[in-house]
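The values are calculated or read from the model by the stated rules, or taken from the named source; none is laboratory data. This structure is a prediction, so every number in the text was calculated from the model and none was measured. Note: ideal-geometry Cβ built from the backbone for every residue, glycine included; neighbour counts use all protein chains shown. Only protein heavy atoms, including side chains, enter the accessible area calculation; ligands, DNA and RNA are left aside. Shrake-Rupley method; radii C 1.70, N 1.55, O 1.52, S 1.80 Å.
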Amino acid sequence: MTQNYEKLPQDAFTRIPRDTQEAEKISKPSVSFWQDAWRSLKKNRGAIISLILFALIVLMSFIGPMISPYEPNDQTITHANLPPKMPIIENLGIMDGVGTLGGREVDMYEMKNVEQNYWFGTDGLGRDMFSRVWKGTQVSLFIAFVAAAIDMLIGVIYGGISGYFGGRVDDVMQRIVEILTGIPNLVVVILFILIMDPGILAIIIALTITGWTGMSRVVRGQVLKYKSQEFVLAARTLGASDSRIIWKHLMPNVLGVIIINTMFTIPGAIFFEAFLSFIGLGLQAPDASLGTLINDGYKLIQYQPHILLYPALVLSLIMIAFNLIGDGLRDALDPKMKD
């Protein structure tokens, strides 16, 4: 089947001029790696909600002890073992100051002639649980963040050097890591407790003495992956020093993995600190942390459950929030997870 093109009018065709600048023009606005990661993270509702929740917990850990009219360690024996009572909310039938005494529900505040309101109740020594919970949260977060920062610093430097230089240097450094990894953390903690006084410093040292090994192995693996690629070979050909190649070319590519690994390290450090305080190897009375508060509360769970409820709830929320944030960052920073 053929067509007679001579019958088509000449004005049926329009010549379109070629514009090379418009052809090469990027239609979408360019975004950096971090802008693209943030855009991906915003699509993860669980991570965003967890980020907001964790920000509120951090904020309350600082302002909670300040807005409370009671100091965390102040004792008022006549106000001991009071249940939670909060204005307005007590009208809903919760946190109304009613406790069980002799099998009967009674208003503990009225019985003890207490006019003040304790929002989270009091413990066996009459200390305000609201201020103690948030002060304990502040201490636990401080220990976890400092320990995670030290782990990240030592692990990145150690793993970067080991992976970049390789050979005999890598063999020696990895044997040291294997020796430290074979020592249980609890044994290290007990040894430090015997040498040092139990406290924040002893816990941080115990957490970091072997905690950085995981970060170093992750960084080493990533450096081994990138150091033989073309951009590193080009930098070495142009005469770049080893330190410049590591910090200017390799570390920016490993930064996403470092952030993700750190986000999973922090909740582990919080839980380990709580565990140490719970078994009596952490902070000592009257200092408060989430672990010491849980240790005090589980003994009275049948009679005063509020002493255990609030620190356990805060610890659970922190652990869940951090894990969801870590999962969201992993999806946002991993190029393989892009849509």
Gain upon complete extension [Lys43, Arg175; 0.36 nm per residue less C-alpha separation]
43.3 nm
Helix-only mean residue ellipticity at 222 nm for the chain, each DSSP H run of n ≥ 4 adding -39500 (n - 2.57), per residue, nearest 500:
-20000 deg cm²/dmol
Net dipole in debye of region 121-193 [+1 Lys, Arg Cβ; -1 Asp, Glu Cβ; about Cα centre; nearest 20]
180 debye
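Can you tell me which of 206-219, 225-238 comes out highest on packing, and rank the rest after it, using the mean Cβ neighbours within 10 Å?
206-219, 225-238
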Would you indicate which of (1) 20.2; (2) 20.8; (3) 24.4 is the value of Kirkwood radius over Cα pairs in Å derived from the coordinates of this structure?
(3)
In degrees, nearest 10, the alpha-carbon axis of helix 306-333 is tilted away from the dominant principal axis of the alpha carbons of the chain by 10 degrees
Computed FRET value (nearest 0.05) for Met111 with Ser316, which takes r as the C-beta separation and R₀ as 51 Å
0.95
Placing +1 on each Lys and Arg Cβ and -1 on each Asp and Glu Cβ in the chain, then taking the dipole about the Cα centre, the residue among Leu290, Thr181, Phe142 whose Cα reaches farthest towards the positive end is Thr181
Identify, among Asn117, Ser241, Gly159, the residue whose Cα sits farthest towards the positive end of the charge dipole of the chain, taking +1 on the Cβ of Lys and Arg and -1 on the Cβ of Asp and Glu, with the dipole about the Cα centre.
Ser241
Give me the accessible area per residue for region 186-339, probe 1.4 Å, as a whole number in Å².
50 Å²
Starting at the first residue of region 127-132, write each ³J(HN,Hα) from the Karplus equation 6.51 cos²θ - 1.76 cosθ + 1.60 with θ = phi - 60°, in whole Hz, x for Gly and Pro.
8, 5, 6, 4, 5, 5
Roughly how many debye, to the nearest 20, is the charge dipole of the chain about its Cα centre, given +1 on each Lys and Arg Cβ, -1 on each Asp and Glu Cβ, and no other charges?
1300 debye
For region 103-135 and region 262-288, compute the distance between their C-alpha centroids and round to whole Å.
26 Å
Using 0.36 nm per residue of separation minus the Cα-Cα distance, give me the extension gain between Leu300 and Leu224 in nm, one decimal.
22.0 nm
Can you tell me the dipole magnitude for region 228-331 around its Cα centre, using point charges on the Cβ only (Lys, Arg +1; Asp, Glu -1), in Debye to the nearest 20?
220 debye
Explain nothing, just compute: Karplus ³J(HN,Hα) = 6.51 cos²θ - 1.76 cosθ + 1.60, θ = phi - 60°, for every residue of region 164-180 in order, whole Hz, x for Gly and Pro.
6, 7, x, x, 5, 4, 5, 4, 5, 5, 6, 5, 5, 4, 5, 5, 5
Can you give the Kirkwood hydrodynamic radius for region 235-339, in Å, rounded to one decimal and based on Cα pairs?
16.8 Å
At what distance in angstrom do the alpha carbon centres of region 54-86 and region 188-248 lie from each other?
39 Å
If the limit is 30 Å between Cα atoms, which of Lys42/Lys248; Lys42/Lys227; Lys135/Lys248; Lys43/Lys135 go over it?
Lys42/Lys227; Lys135/Lys248; Lys43/Lys135
